[in-house]
Amino acid sequence: MQLKPSPRAIALYYFGIFAVLGVYLPLFPSWLAAQGVRGVAMGAIAATLPAMGLIAPPVFGFIADSLGVRVWLIRAACAGALVVFALLSLSSALGVALGFGGLFVAALAFAFFRSPMFSMADVVAMETSLSSGIAYGRLRLWGSLSFALMAIAGGALIDTARPAAFPATMTAALLAAFLVSWALPARGEAPFRRPDPREPSDAASAPASRGAVKQRARALLRSHDFRLFLAASFLAQSANSSYDLCYTLHLRDVGFPESLVGVAWAVGVAGEIALMAFSGPLLQRFAPPALLAVAFAGAALRWALLSTVQWWPALLAIQPLHAVSFAMMWVASLAYTRDRAPPEILATAQGLFAASAGAGSVIGMLAWGELYRRGGGSLTFGVAAITASIAFVLAVTFARSARRSLSGSAVFSVSSQYQE
């Protein structure tokens, strides 16, 4: 019988892997600059993370469904990422300069291994939510909390001017994540072995033939509602990337107090954590497509306000909308994916969603910087508001065209069980 990971183990793993991102995302550009990597070279290296997000999630999802593995893929990915930064840490400690080529390869390898570390965690969390009755959001919020804490602590304690400080910290964080991954039991996962039909198995994680996975994935992609869902996810994430790239710049340009910029980000994360904590009852009552429409409408409102509001207390008051524009979008998207996809291709479906969102992020990152240079926050967030509005229209459309009734309570409620 398949032994499911405990909710506590999943929450601990989320805490571990998001601590890694809490170090990487805020500090990696500064560390590159300290190594003499700037301009186009820095952009090319930094772009490996979102670029690999276009390729790796569906590939690893297909592998996971074809071989019936989840946890072993997570462990292998954690080990690979750990080796990458251990080598970086060693070269920095020895004073060996890698140059652009070496740093690019290292960043690309980390981006490759990072994908299953996170995407497979969501798949495991969704599957475990069925048996445990614990809402997905209550597991995932530990990742958001970890990211916020590590971003604050890392910025205060890690000196990126010291060549070995950043890679050494990343190595320690990845080692912790790798060790925590062993708290996720992998009993019942059987790569390269066909199951005995007389043995009980879990359909969600049992291996299926590659042909069967491809056939079911193609059928899912042919469905009108799922294609609209992917298109809406692409547009919504491209709009959200304006926040990631330009929000701090906009705050400083409109005279937001420098000392409160970090507070503004923290308020947004606090809203995200709060919504995930109470996402179970919310998704018990409303279907995921309806919540996605609300999330995209809330995002459009948020970006429209950011494009027009100049008074800094009002800008701070807008930040709780992050709970709607990101957290609600994320949990509703995973609920829709879990309910819409056959259990045998859940990892593949999750990979398709992640790739669509990643593509939106890449396109957005390429567009928002130039828009901000030309028209500042007013133009940037105004266009983001229009983009999110189009995603809202698509969400309303695919909500009406869904081929079967979708209920978020199947995965995300506190007490309900999935019904096929």
Which of the residues belonging to the range 28-48 are at pLDDT below 85 and under 19 Å from Phe118 (Cβ atoms)?
Ala46, Ala47
Can we say Ala236 is open to solvent by 40 Å² or more (accessible area, probe 1.4 Å) and under 18 Å from the mean Cα position of the chain (by Cα)?
no
Meets criteria (out of contact with any Lys or Arg (no Cβ under 6 Å at 6 or more places or on another chain), more than 15 Å from Ser242 (Cβ to Cβ) and buried (at least 19 other Cβ atoms within 10 Å of the Cβ)) for Phe392
yes
Here is a check on your reading of the model: is Val123 surrounded by 24 or more Cβ atoms within 10 Å (Cβ to Cβ) and not basic (Lys, Arg)?
yes
For the condition hydrophobic (A, V, I, L, M, F, W, C), without any contact (Cβ under 8 Å) to a residue 60 or more places away in the chain and farther than 26 Å from Pro58 by Cα, what is the one hit in Ala266, Ala277, Ala304, Ala317?
Ala317
Answer with yes or no whether Arg227 is within 30 Å of Thr348 (Cα to Cα), out of contact with any Lys or Arg (no Cβ under 9 Å at 6 or more places or on another chain), among the basic types (Lys, Arg) and at pLDDT 90 or above.
yes
Residue pairs, Cβ under 9 Å, 6 or more apart or interchain, first in the range 223-236 and on the phi < 0 side of the Ramachandran plot, second β-branched (Val, Ile, Thr) and open to solvent by less than 30 Å² (accessible area, probe 1.4 Å). List them.
Phe226/Thr337; Phe229/Thr337; Leu235/Thr387; Ala236/Thr387
Among the candidates Arg374, Arg338, Arg400, residue that is under 22 Å from the mean Cα position of the chain (by Cα) and either assigned to a helix (DSSP H, G or I) or modelled with pLDDT under 90 (or both)
Arg338
Pick from the range 156-173, criterion out of contact with any helix residue (DSSP H, G or I) (no Cβ under 6 Å at 6 or more places or on another chain) and open to solvent by 40 Å² or more (accessible area, probe 1.4 Å), ranking: modelled with the lowest pLDDT
Ala156
Which pairs have Cβ atoms under 8 Å, sit 6 or more apart or on different chains, and link a residue in the range 104-128 that is within 20 Å of Ala349 (Cα to Cα) and in a helix (DSSP H, G or I) to one that is modelled with pLDDT of 90 or more and open to solvent by 30 Å² or more (accessible area, probe 1.4 Å)?
Pro116/Ala76
Considering only the range 1-26, state which residues are over 18 Å from Ile74 (Cβ atoms), of a type in the set (A, V, I, L, M) and modelled with pLDDT of 85 or more.
Val23
Say we look at the range 303-319 and pick out the residues that are part of a helix (DSSP H, G or I) and polar (S, T, N, Q); which of these is least open to solvent (accessible area, probe 1.4 Å)?
Gln319
In this structure, does Val324 turn out to be crowded, with 21+ Cβ neighbours inside 10 Å, closer than 30 Å to Leu260 by Cα, of a type outside the set (Asp, Glu) and at pLDDT 90 or above?
yes
Only unsatisfied item for Leu90, checking (1) crowded, with 22+ Cβ neighbours inside 10 Å; (2) more than 19 Å from the chain's Cα centre (by Cα); (3) assigned to a helix (DSSP H, G or I), is (1)
On the basis of being within 16 Å of Phe28 (Cα to Cα), within 15 Å of the chain's Cα centre (by Cα) and not acidic (Asp, Glu), does Arg140 make the cut?
no
Out of all the residues in the range 71-84, is one or more more than 21 Å from Ala9 (Cβ to Cβ) and out of contact with any helix residue (DSSP H, G or I) (no Cβ under 8 Å at 6 or more places or on another chain)?
yes
Restricting the range 42-84 to residues that are open to solvent by less than 40 Å² (accessible area, probe 1.4 Å) and not in a helix (DSSP H, G or I), the residue that is farthest from Leu103 (Cα to Cα):
Gly68
State whether the residues of the range 291-302 include one that is crowded, with 18+ Cβ neighbours inside 10 Å, farther than 20 Å from Ser241 by Cα and at pLDDT 90 or above.
yes
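The values are calculated or read from the model by the stated rules, or taken from the named source; none is laboratory data. Note that the structure is predicted; figures quoted are calculated from it, not measured. Cβ sites come from the backbone with ideal geometry, for glycine too, and all protein chains shown count toward neighbours. All accessible areas refer to the heavy atoms of the entire protein, side chains included, with ligands and DNA or RNA removed. Shrake-Rupley method; radii C 1.70, N 1.55, O 1.52, S 1.80 Å.
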